[in-house]
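*Asks:* This structure is in structure tokens; I'll ask about it shortly.
Bear in mind that the values in this text are calculations on the coordinates, not laboratory data. Remember, it's a predicted structure, so these values are computed and weren't measured experimentally. Every residue, glycine among them, receives a Cβ derived from its backbone with ideal geometry; neighbour counts consider all protein chains shown.
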Amino acid sequence: MKVLHVISTLSASYGGPSSATALMERVLIGRGIAVETATTDDDGPGRRKTVTTGAPLHIFKGAGTVRRYFPKRLEFYKVSPGFARWIFRHVRDYDLLHIHGLFNFTSVVAAWAAWRAGVPYVLRPYGTLNRYGVTQRRPWLKCWSLKLIEGPILRHAAAVHFTAEAEREEASELGIPMRGVVIPLGIEPAPQGDASALLTQFPELNNCLILLFLSRLDPKKNVEGLLQAFKLCSSALPDTRLVIAGEGEAGYVVGLKKLADELGLAGRVVWPGYVEGEQKAAAFAAAQVFLLPSFSENFGIAAAEALMAGLPCVLGKGVALADEVAQAGAGVATSPEPEDIARALQDILADENRRAEMGRRATALARERYSLEAMGASLERLYADILGRG
């Protein structure tokens, strides 16, 4: 079996499609499936990876991984004519395509090429079909695009890969016939963290209860609501500190810090920026509660990582994992309103025994539902089933 994964960008981000795709590569290769990935040299707005060095195609090979990078010519939709020429010539080299994302050039062209050649393809919308994704960003353009472009692509996909049942349910509201399957993303267990690494860097956190937000800083994440919620309960929780780890558009981050100052939280909110590796593990080890009060998340990789680290979670109901986490007793699902977030925080922090039990349930849930092994086995079954249909 030879599978091609297609994604518009492999730039790193918390819970971004590229991090999940990279894990899929490794897990599937470990199961004996030949996997290649085709992408662009996009490295975020206005940036490009240096891998292409001006060539029309750069192939990276390492640890069994083959990645093909094509230069983007336009920032809008990551248009890459080089990718289009290549995929139409080579799509029959693969038994199946797994396409990540919608409303971008590589996804549309790859699906058209596969459809035309009779090669089955799996489409992972990556949250673009959620209510928030459809209505909040270029809604009129997406409405017409869904009717003329993405709708036919979804209808002809061998499977549409959702990462949570909530994501599939929201997508069904569009009324587009599609073969939806739910396969949660797999999470790589973080190394055992050393909390002292974070406490040494930020001594103001010593002897405090630590609330951790760790994700990309974006309006969708509802950080404003989180700051307002922390203000509401700050007097009742004087020894509690909020760590907001992540990066985002510079002007937006400045605005968040200004809001924290206006709310009188300047000395109680810590902004470590983007953290990874040992820094991320240290943040998980030091925290008592993980927070992700987003308006919408098609999965929530950072939340799943926190669960794997044994942290009880307070999640916005727009986070696809929220209901499952609440049902498992591993955290609380809340509305995005500051009052509700504050109430959930106070309830968890008020009872240390309950918090500890939530932590144990969090680890158990993550190991059962969000392991790499579970994801790899489910993807292999899906691919085999599709190819078995002929």
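*Asks:* Kindly put Cys143, Cys313 in sequence by how many other C-beta atoms sit within 10 Å of each C-beta, fewest to most.
*Replies:* Cys143, Cys313
*Asks:* If we count other beta carbons within 10 Å of each Cβ, what is the order of Ser145, Ser296, fewest first?
*Replies:* With the sparsest Cβ surroundings first, the list reads Ser145, Ser296.
*Asks:* Here is a further query. So how tilted is helix 81-90 from the main axis of the chain? Cα-based, degrees 0 to 90, rounded to 10.
*Replies:* 60 degrees
*Asks:* Something else about it: Angle between the Cα long axis of helix 372-388 and the longest principal axis of the chain, 0 to 90 degrees, nearest 10?
*Replies:* 20 degrees
*Asks:* Now a separate question. Could I have the simple spin-label model distance between Asp218 and Glu276, label points 7 Å from Cα toward Cβ, reported in nm to one decimal?
*Replies:* Computed distance between label sites Asp218 and Glu276 equals 1.7 nm.
*Asks:* Just going by the charge dipole of the chain, with Lys and Arg at +1 and Asp and Glu at -1 on Cβ, which of Pro336, Ser215, Gly127 is farthest out on the positive end?
*Replies:* It is Gly127, whose Cα lies furthest towards the positive end.
*Asks:* Gap in Å between the Cα centre of region 154-197 and the Cα centre of region 298-331?
*Replies:* 13 Å
*Asks:* So how compact is the chain: Cα radius of gyration and Dmax in angstrom?
*Replies:* Looking at the chain, its Cα Rg and Dmax stand at 21.3, 64 Å.
*Asks:* Return one number: the angle in degrees, 0 to 90 and rounded to the nearest 10, between the long axis of the Cα atoms of helix 277-286 and the longest principal axis of the Cα atoms of the chain.
*Replies:* Here the helix axis deviates by roughly 40 degrees.
*Asks:* Answer with one residue from Ala287, Gln346, Ser235: the one whose Cα lies farthest towards the positive end of the charge dipole of region 195-369, charges on Cβ with Lys, Arg +1 and Asp, Glu -1.
*Replies:* In region 195-369, that residue is Ala287.
*Asks:* So what's the back-of-envelope 222 nm ellipticity for the chain, counting only DSSP H runs of four-plus at -39500 (n - 2.57) apiece and dividing by all residues, rounded to 500?
*Replies:* -13000 deg cm²/dmol
*Asks:* To make sure I understand the rule: partners must be aspartates and glutamates, Cα under 16 Å from the Cα of Lys72, and not fewer than 8 residues away in the same chain. Which ones qualify?
*Replies:* Answer for Lys72, where 16 Å is the Cα cut-off: Asp41, Asp42, Asp43, listed by chain and number.
*Asks:* Shifting gears a bit: Please list, by residue number, every one of the GluC sites (Glu not before Pro) in region 227-304 that is coil in DSSP and has at most 12 other beta-carbon atoms within 10 Å.
*Replies:* Those satisfying the criteria are Glu276.
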